[in-house]
Amino acid sequence: MTTATAEAKSNIALIKYWGKRDTRLNLPSTGSLSMTLSSLGTRTTVTLDGALESDELVLNGTPATEDALSRMSRFLDRVRRVGGFRERVRVETDNNFPTRSGLASSASGFAALSLAVTHAAGMDDDPDRLAGLARLGSGSAPRSLLGGLVELQPGVAPDGSDCLPRQLVAPGDWDVRLLVAMNTPDEKEVGSSDGMERTRRSSPLYEGWLRGNRVDLEVALKAVRDRDFHTLGRVTEASCFRMHAAAMGADPPIFYWNPVTLATVRLVRDLRESGVAGYVTIDAGPHVKVLCRPGDVRTLVEAIRGIKGIRQVIEERPGPGAELINASASGPASAG
Ligand code: DP6
């Protein structure tokens, strides 16, 4: 029996990934740019156990649903093939997201799981292979392997070998913040995998979204290089709204926003007119995340807390890459 524990933080895309060029290999159609968070994340312990007849998954102390277990097991089958081992795996994973927040992200989950299972199985430390495995779990997971601001290149190779994450700014090298404004999801949302696939198949706006995304990514990369906060903020909002517009154009349409989402967007825009520089982004759910600088955190947090329906505002900064906490099979290592 070998065991390993790894931790990975969640990440939020400033330039979004929304659509795949290969659904089997989970390859994105465009590049994306994200910030790895400093607090919200996942810790996962993996045990390879020759006596187990099937994989097991315990999520926050409770046996996971059939759906979650079979998604993980399909992923582990691919890791077993690549790593040349047969043992079934017990996985215990804990998210520190507030309970029932609707924020749970597959990115930190698959980043932590990939790092832990490759170590428990004694596979070598090749970061590109690790990124490729994490991506098979979830397209946004390779970004959580690295800390700070991260680009995920889409690559062109059919096997995905050049779809790799790259750190643009290490944590601590640019002090920006992301405020996660949590409101209440009122109904079950369309998951991101299904949502982006429906958009790709049925939204006439999808091609325009792809074209715009490529330009937005170039603008964002330059803004990050120049540490040009306002340009990064403007293009962050553009990417978010274009992604949601493409999703709303799907058949049937996909809406992730609720009235509190819109109230938060308006508040941030109004504050900007009075000189408080926050820029919004929204993922496959109703929560708004606000990119800002340290000096504006207090004003923004107080104002957002005043919106009816906001439950909590969490302040995040660029956080660390995935880390191995301990392993019985090998010594400590870090993904970046
Ligand atoms: C809106 O990575 O969750 O958060 O690859 O199908 O697992 P799969 O999708 P996922 O999608 C993330 C979508 C997003 C934007 C982003 O994080 O880039």
Tally of residues being of a type in the set (Ser, Thr, Tyr), closer than 16 Å to Arg71 by Cβ and either touching a Pro at 6+ places or on another chain (Cβ under 6 Å) or modelled with pLDDT under 95 (or both) across the stretch 81-116: 2
Any pair with Cβ under 6 angstrom, 6 or more apart, that starts in the stretch 137-163 at a residue that is part of a strand (DSSP E or B) and ends at one that is away from the ligand (no atom under 11 Å from the Cβ) and charged (D, E, K, R): Glu151/Arg166
Residues within the stretch 105-136 that are away from the ligand (no atom under 13 Å from the Cβ) and assigned to a loop (DSSP other than H, G, I, E, B), tallied: 6
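Answer yes or no: is there a residue in the stretch 59-68 that is at positive phi and either of a type in the set (Asp, Glu) or in contact with a strand residue (DSSP E or B) (Cβ under 6 Å, 6 or more places away or on another chain) (or both). Give the steps one after another, and end with the answer.
Filtering the stretch 59-68 for residues at positive phi gives 60-61.
Still in the list and also either of a type in the set (Asp, Glu) or in contact with a strand residue (DSSP E or B) (Cβ under 6 Å, 6 or more places away or on another chain) (or both): 60.
So far as the stretch 59-68 goes, yes, one or more of its residues are at positive phi and either of a type in the set (Asp, Glu) or in contact with a strand residue (DSSP E or B) (Cβ under 6 Å, 6 or more places away or on another chain) (or both).
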Spans of strands (runs of 3 or more DSSP E) in the stretch 1-92 with at least 3 residues within 13 Å of the ligand (Cβ to nearest atom) and not aromatic (Phe, Trp, Tyr): 2-15, 20-22, 32-49
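Quick check on my filter: what residues within the stretch 170-188 are of a type in the set (Lys, Arg) and touching a residue at least 12 places away in the same chain (Cβ under 8 Å)?
First pass over the stretch 170-188, keeping only residues of a type in the set (Lys, Arg): 177, 188.
Listed by number, the list holds a single entry, Arg177.
Is it the case, given these coordinates, that Pro252 is assigned to a loop (DSSP other than H, G, I, E, B), touching a helix residue (DSSP H, G or I) at 6+ places or on another chain (Cβ under 9 Å) and not aliphatic (A, V, I, L, M)?
Numbers: assigned to a loop (DSSP other than H, G, I, E, B): yes; touching a helix residue (DSSP H, G or I) at 6+ places or on another chain (Cβ under 9 Å): yes; not aliphatic (A, V, I, L, M): yes.
Yes.
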Long-range neighbours under 9 Å by Cβ, at least six apart or interchain, first residue of a type in the set (Phe, Trp, Tyr) within the stretch 13-24, second in a loop (DSSP other than H, G, I, E, B) and within 7 Å of the ligand (Cβ to nearest atom): Tyr17/Gly139; Tyr17/Ser140; Trp18/Ala284
Matching residues in the stretch 189-230 - criterion: being among the aliphatic types (A, V, I, L, M) and either touching a residue at least 40 places away in the same chain (Cβ under 8 Å) or not in a helix (DSSP H, G or I) (or both): Val190, Met196, Leu205, Leu210, Leu217, Ala220, Leu221, Val224
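The values are calculated or read from the model by the stated rules, or taken from the named source; none is laboratory data. The model shown is predicted, which means the values in this text are computed figures rather than measured ones. Neighbour counts are summed over all protein chains in view; Cβ atoms, including those assigned to glycine, are modelled from backbone coordinates with ideal geometry.
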